[in-house]
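Since the structure comes first, as structure tokens, the remarks are kept for the end.
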Amino acid sequence: MAKFQPLQAPKGVSEYYPVRSAIFEFVRESLIGSAKSSGYQLMELPVFEDTELFKRGVGESTDVVSKEMYTFEDRGGRSITLRPEGTAGVMRSVIEHNLDRGQLPVKVWYSGAFFRAERPQAGRYRQFYQVGIEAIGVNDPEIDVEVIAVAARAFAGLGLKNYTLEITSLGDLESRERYTKELRTFIATLNLDEETARRAEINPLRLFDDKRDEIKSAMAKAPVLLEYLNESSLKHFERVQELLTVLAIPFTVNKRMVRGLDYYTGTAFEFVHHGLGAQSGIGGGGRYDGLMSQLGGAELSGIGFGIGVDRCVLACEAEGIALPSSFGIDLFIVPMSPAAKGASLELAERLRSLGLIVDIAYGDRSLKGGMKAADKSGAKYSLVLGDDELSTGTAALKNMKTGDQLSVTIASLHDVVRQEITNASHS
RNA sequence: GUGGUCGUAGCUCAGCUGGUAGAGCACUCGGUUGUGGUCCGAGAUGUCGCGGGUUCGAGCCCCGUCGAUCACCCCA
């Protein structure tokens with residue numbers, strides 16, 4: 001007999017299955033809900049795109065593009081890449097379908113899997129999930145703050161507490177160029193090893209992120225980008241800070257914040273959670289001035305963020321956040337006879353169509369087994385249905401938390417359960 | 001891609017200097033002929049990650065490989 005290697009998921013992917021999948025769903029739906037509250041609309045895009053899109057959009061010098069993409073040739077000989085981030089695809093679609101010619105700003109949200117071929121680590125996966133939004137076509141500080149507020153409201157809604165918001169401004173293209181020149185001059189005076197010098201060559205800002213003490217202390221003396229902002233960039237950034245204060249969204253200015261993707265300009269921000277490992281960023285984003293035109297669209301500025309769903313799940317777990325009870329089963333039916341099995345299914349379907357979450361003890365289980373199943377399901381109420389109940393049309397509705405039983409007619413079951421749940425949630 | 005640690009039951013792990021596997025929890029059934037959670041009793045469950053080597057004998061030693069985990073690079 002041939003032996004089979006047990007099949008396993010590819011390296012570094014995250015999977016969510018019961019019971020933990022409920023937390024994932026809760027987190028994702030909360031994030032999406034926050035975006036919808038601010039008027040963002042769904043953009044459902046392909047998970048793979050022409051490789052060229054990411055090379056041009058994200059930037060060939062970035063690590064993401066140069067060494068972390070899942071790129072392959074399809075049957076037609078086209079170079080295809082599994083999306084490593086969301087913004088480039090959104091821009092492509094906006095341009096392709098001329099959304100930028102309609103009313104501005106274009107406000108969209110997206111959610112789904114993204115792919116980067118990195119060494120897996122806590123909170124970092126090769127396939128990971130993000131919820132993101134983009135607001136394209138308006139360059140107001142007000143919309144910058146709206147975008148940040150969507151994320152802040154989402155995190156607050158999840159019940160997260162142990163995180164901070166860091167913001168900075170990377171300046172417009174002109175300010176940035178002036179600064180980068182100065183920074184390169186400064187870096188040239190440092191005695192760097194070959195590898196570090198090469199990284200600095202690609203993007204000198206990266207050195208601010210180095211974790212080695214000697215580099216950190218050397219970079220403490222480096223010129224700071226914020227001091228090179230021209231007047232309009234500075235004004236914009238100051239207004240963003242004012243508005244965040246008005247909305248009571250706490251933040252700190254991080255003068256040395258680094259963003260990994262090349263397209264960011266102006267406002268940049270990052271939410272950092274303090275209960276995670278090295279991968280502590282739960283969400284981040286910023287403004288991008290040149291991206292649309294670089295991809296062949298109009299000269300429009302945009303701003304957006306990506307939030308890591310996986311990392312938010314880890315953050316919720318780290319903070320011991322409990323799922324809201326609305327995620328649970330309302331009623332669990334335990335049938336006691338062959339006739340009751342069919343009747344239970346019929347009853348369950350009727351209640352389900354009225355909006356209750358209902359499950360049944362399937363299989364030929366003893367009453368005790370059925371009640372155990374009801375208990376394990378976490379259902380709020382249970383109902384035993386046997387031949388007696390079928391003939392009298394009444395049954396005992398049991399509150400699984402208190403153990404109390406209430407005699408109800410099967411016909412009124414929906415109304416009674418609804419009423420009970422409402423009462424319970426108000427007490 | 002680089003480095004550290006680790007893979008034994010569904011889960012968490014024990015297994016002495018090599019002598020052919022165990023606990024707790026979970027699961028199923030019963031004690032209670034129609035009521036779960038507690039208690040008591042019984043039962044089922046392992047390619048010891050995979051492949052090779054050393055040995056009379058390998059869960060334990062060696063090599064390789066796959067995976068996990070933590071950190072670096074980088075990022076959600």
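The values are calculated or read from the model by the stated rules, or taken from the named source; none is laboratory data. Here the structure is a predicted model, which means the values were calculated and not measured. Positions of Cβ are backbone-derived with ideal geometry, glycine not excepted, and every protein chain shown enters the neighbour counts. Just so you know, the surface numbers come from the protein's heavy atoms only, side chains and all, with ligands and any DNA or RNA stripped out. Shrake-Rupley method; radii C 1.70, N 1.55, O 1.52, S 1.80 Å.
Laid out as a table, the results:
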{"read-out": "Some residue of the stretch A:237-254 being assigned to a loop (DSSP other than H, G, I, E, B), away from RNA strand B (no atom under 11 Å from the Cβ) and of a type in the set (Val, Ile, Thr)", "value": "yes"}
{"read-out": "Per-region count, the stretch A:179-194, residues of a type outside the set (S, T, N, Q) and open to solvent by 100 Å² or more (accessible area, probe 1.4 Å)", "value": "2"}
{"read-out": "Counted residues, the stretch A:278-320 - those being open to solvent by 20 Å² or more (accessible area, probe 1.4 Å) and in a helix (DSSP H, G or I)", "value": "6"}
{"read-out": "The stretch A:322-342, residues that are assigned to a loop (DSSP other than H, G, I, E, B) and open to solvent by 60 Å² or more (accessible area, probe 1.4 Å)", "value": "A:ALA322, A:LEU323, A:MET336"}
{"read-out": "Whichever residue in the stretch A:344-356 is aliphatic (A, V, I, L, M) and open to solvent by less than 70 Å² (accessible area, probe 1.4 Å) and, among such residues, is farthest from A:ASP388 (Cα to Cα)", "value": "A:LEU356"}
{"read-out": "Residues being more than 16 Å from RNA strand B (Cβ to nearest atom) and touching a residue at least 24 places away in the same chain (Cβ under 8 Å) - total across the stretch A:345-369", "value": "6"}
{"read-out": "Yes/no for A:LEU31 being within 15 Å of RNA strand B (Cβ to nearest atom) and in contact (Cβ under 8 Å) with a residue 60 or more places away in the chain", "value": "yes"}
{"read-out": "Some residue of the stretch A:370-385 being in contact with a strand residue (DSSP E or B) (Cβ under 9 Å, 6 or more places away or on another chain), near RNA strand B (Cβ under 6 Å from one of its atoms), open to solvent by 70 Å² or more (accessible area, probe 1.4 Å) and in contact (Cβ under 8 Å) with a residue 24 or more places away in the chain", "value": "yes"}
{"read-out": "Residue list for the stretch A:405-424, restricted to those being exposed (fewer than 11 other Cβ atoms within 10 Å of the Cβ) and either farther than 17 Å from A:LEU351 by Cα or near RNA strand B (Cβ under 7 Å from one of its atoms) (or both)", "value": "A:SER407, A:ASN423"}
{"read-out": "Residues satisfying the stated conditions in the stretch A:46-70, i.e. open to solvent by 70 Å² or more (accessible area, probe 1.4 Å) and among the polar types (S, T, N, Q)", "value": "A:SER66"}
{"read-out": "Failed item in (1) within 6 Å of RNA strand B (Cβ to nearest atom); (2) more than 43 Å from the chain's Cα centre (by Cα); (3) crowded, with 19+ Cβ neighbours inside 10 Å, with A:ALA395 passing the rest", "value": "(1)"}
{"read-out": "Complete set of residues in the stretch A:65-107 that are within 12 Å of RNA strand B (Cβ to nearest atom), under 25 Å from A:ASP144 (Cα atoms) and in contact (Cβ under 8 Å) with a residue 40 or more places away in the chain", "value": "A:GLU85, A:GLY86, A:THR87, A:ALA88"}
{"read-out": "Check on A:ALA113, modelled with pLDDT under 95 and more than 22 Å from A:ALA268 (Cβ to Cβ)", "value": "no"}
{"read-out": "A:ALA197 closer than 28 Å to A:ALA318 by Cα, of a type outside the set (Val, Ile, Thr) and free of Cβ contacts under 8 Å to residues at least 12 places away in the same chain", "value": "no"}
